[in-house]
Structure formats: C-alpha cells, structure tokens
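Take a look at the structure set out below.
The values are calculated or read from the model by the stated rules, or taken from the named source; none is laboratory data. Here the structure is a predicted model, which means the values were calculated and not measured. Glycine also receives a Cβ, built like all others from the backbone with ideal geometry; neighbour counts cover every protein chain displayed.
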Amino acid sequence: MLSTRDLVLCALFAALLGGLGMAPPIPLGFLPVPVTAQTLGVMLAGTILGAKRGGIAALLFVLLVAAGLPLLAGGRGGIGVLMGPTGGFVLSWPVAAFVTGWLAERFATNANPIRLFAVSVVGGILVVYAGGIPWLWLVAGLPVEKAVFGSLAFVPGDLIKAGIAAVAAAGVRRAGILPIHT
C-alpha cells in the first residue's frame, strides 16, 4: 500500500516527466525517433524514488499519455503515438525506472554519484533501448541493423542525462530529503 506521501511523489515525478516533454524534440533524419529530455526523468524517478515509486511514477505518466494527454516531447500523446515507432521506448519507461530504482536500492545506497551513474546507464539507457529498438524494428519496419546503429546516435546525450541524474540524486540523498527506502 502506498502512503499519501508516496502517491504525491509518484504524481510529482510523473509531472516532471511531462515537464521535460516541454523541451522541443530534436528530430534525427535517419530514424523516426527524436532526441528528448524525458529519459532524464525516468532516471531521476528511479535513482531518487526507488524501484516501486519510480516505476509507478513512470507508469502513471505512460497511462496519461495513453489517455491522450499531449505530454510527450512535441506535444504528442495518445494510443496512436504509443503504437507508433517511438512507442517501445516510451512503454519501456516504467520498467526502466523500476530497474534503475532496484539497482540503486541495492548497489548505490549512499550518495555515490559514480554508482548512481552506473545504475542510470543500466536501467535508464540499456533497458529503454532493449524495449525501444526491437519495437522500432518491428513497427517501423527498419532493418534491425539500422534500428540498432541508428539508436547509437542517442548514446552521448543519454550518457549526459545519466550524469545529470546521478549528480541530482546524489545531492538529494546527501540532503536526506527523500530516503530511497520507505
């Protein structure tokens, strides 16, 4: 059972994901998937809220998008977007936030930004790519090599986002504002 505090934190981080969608997407000419800031929110949800609350926050966000709210970068939303080429990436966000949080709860229990960076990379990048690349291949009909190698264009930006998430989470943990375990 989630406490009122937990529900508020989940809603707050779902709103953070939506707020990060306000940054305009950067289209790439060779893939139907734009560069966005929203995976930063997925990493923050996991590293700051932990597995359960982080996963619920991202799930709430995805449900709001499915309901048609234009919360994705570029003001997109709805089932059609989730079933399109970018859908696998977005649908992986609850799992990615959960995995990031689970790893953070086990391997980054202190405010060590290096460990928080590592769990952000595994949960917030590898899990998202594991959901998004096969979806992109199947839905967009791209050759698997193009889906994989095209997605490598996102790695530098995602590593920067993982670094930002790690530093932010370390700061929150040092301040003792939100304990990851509740």
Search result, residues across region 37-70 that are in a loop (DSSP other than H, G, I, E, B) and surrounded by fewer than 24 Cβ atoms within 10 Å (Cβ to Cβ):
ALA37, ALA67, GLY68, LEU69, PRO70
What single numbered condition from (1) within 19 Å of LEU17 (Cα to Cα); (2) at pLDDT 95 or above; (3) not hydroxyl-bearing (Ser, Thr, Tyr) fails to hold for ALA130?
(1)
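Among the listed residues LEU159, LEU152, which satisfies the condition of being free of Cβ contacts under 8 Å to residues at least 24 places away in the same chain and either surrounded by fewer than 17 Cβ atoms within 10 Å (Cβ to Cβ) or in a helix (DSSP H, G or I) (or both)? Reasoning before the result, please.
On the way: LEU159 fails: free of Cβ contacts under 8 Å to residues at least 24 places away in the same chain.
LEU152 is the lone residue from the list that is free of Cβ contacts under 8 Å to residues at least 24 places away in the same chain and either surrounded by fewer than 17 Cβ atoms within 10 Å (Cβ to Cβ) or in a helix (DSSP H, G or I) (or both).
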Take the residues in region 89-112 that are assigned to a helix (DSSP H, G or I) and touching a residue at least 60 places away in the same chain (Cβ under 8 Å); name whichever of them is nearest to the chain's Cα centre (by Cα).
TRP93
Just wondering, is there one or more residues in region 113-128 that are in a loop (DSSP other than H, G, I, E, B) and either β-branched (Val, Ile, Thr) or more than 18 Å from the chain's Cα centre (by Cα) (or both)?
no
Tell me whether region 104-113 contains one or more residues that are at pLDDT 95 or above and either buried (at least 22 other Cβ atoms within 10 Å of the Cβ) or in contact with a Leu (Cβ under 6 Å, 6 or more places away or on another chain) (or both).
yes
